[in-house]
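The values are calculated or read from the model by the stated rules, or taken from the named source; none is laboratory data. All of these numbers come straight from a predicted model, not from anything done at the bench. Every residue, glycine among them, receives a Cβ derived from its backbone with ideal geometry; neighbour counts consider all protein chains shown. Each accessible area value is taken on the protein alone, full model and side chains, heavy atoms only, with ligands, DNA and RNA left out. Shrake-Rupley method; radii C 1.70, N 1.55, O 1.52, S 1.80 Å.
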Amino acid sequence: AETGDTALAGQAFQAVDTSRAASLRSSLGLADAWRSRLPQEYWRVSADLAKLDAQQMQSSQNNGEADRLRLKLSEMETQAGGGISHKKMENFRGRSSLTHFQQGLRDSELILSFYLGKTESYMWTVSRAVIRMHRLPPETHIAAQVHAFREAVRTGNSEAEGLGKLLYRTLFGELTAEDVAKRVWLLSLEGVLFEAPFAALVTERRD
C-alpha cells in the first residue's frame, strides 16, 4: 500500500487467499458427520503437513514429503466422502504460479478479494493482466454500513438507495475505469461482507 509495488501486492493476495482456502478446508473438516468417518491418523498427518507447510513458507523450498502427505490426506478424505481434494488446492508460493492463475481468468473477469482488519482493511483486484491493492476503512466501519444497508433493503426503507451508494463507494470507489468495465466480478469475501446484498448496491444515479 505504501510503495505501490505490484509484486508485493501479489504476495499479499496469495497469503490471504491461501489462508482462506485452508480455513475453509478446516471448517469442513470439523463437521461432526464427516469427522466421525475419518481415521485418527488423518489428524496426525494433517498436523505434520501444517508443520511442513510452515517450514516451506520460510525456506521457499518444495518438499516431496509434503506432497506425499497431501496425497495421503486426499485418499483418506475420498474414502470418508468429504469431497475435498488436496490435489485441487491452489498452492500460490511463487510469482510463476500466480501468473498461471491470472492466465486462467477471462478478459471479462475480475477477482475482488477482501481482508477486514481492526485498523484498516484491504481489497485486491486481480485481472488477467494486473493486480492492484486498495486500502479500505476498518472492519467496524464497513460492518456498520453493511448492517444499515442490509436492514434498509430488507424493510424497503427509502434510505436504501443512499446507503447502497455509500457502501458501493466505500468498497469500490477506488476501482479504475478498466476494473469497473469488467462484466464478471468474482468476490472472495470474509466476515460481515457475506451479509451484504451486493446485487442491490447503487453504482450511480442518473436523473
From the set of residues in the range 117-157 that are of a type in the set (Lys, Arg) and touching a helix residue (DSSP H, G or I) at 6+ places or on another chain (Cβ under 8 Å), which is farthest from residue 17 (Cα to Cα)? 150
So which of 196, 181, 144 ends up being in contact with a Lys or Arg (Cβ under 7 Å, 6 or more places away or on another chain), over 23 Å from residue 2 (Cβ atoms) and small (Gly, Ala, Ser)? 196
For the range 163-185, what are the residues that are part of a helix (DSSP H, G or I), among the small types (Gly, Ala, Ser) and open to solvent by 50 Å² or more (accessible area, probe 1.4 Å)? 177
Residue 27 open to solvent by 50 Å² or more (accessible area, probe 1.4 Å), closer than 27 Å to residue 198 by Cα, hydroxyl-bearing (Ser, Thr, Tyr) and at pLDDT below 85: yes
Looking at (1) open to solvent by less than 10 Å² (accessible area, probe 1.4 Å); (2) assigned to a loop (DSSP other than H, G, I, E, B), find the lone condition where residue 119 falls short. (1)
Any hit, the range 90-105, residues being modelled with pLDDT of 80 or more, closer than 30 Å to residue 183 by Cβ and either charged (D, E, K, R) or open to solvent by 50 Å² or more (accessible area, probe 1.4 Å) (or both): yes
Can residue 160 be described as over 23 Å from residue 20 (Cα atoms), in contact (Cβ under 8 Å) with a residue 24 or more places away in the chain and open to solvent by less than 30 Å² (accessible area, probe 1.4 Å)? yes
Return the total of residues in the range 126-152 being among the β-branched types (Val, Ile, Thr), at pLDDT 95 or above and buried (at least 18 other Cβ atoms within 10 Å of the Cβ). 2
Given (1) part of a loop (DSSP other than H, G, I, E, B); (2) within 21 Å of residue 139 (Cβ to Cβ), number of the condition residue 206 does not satisfy: (2)
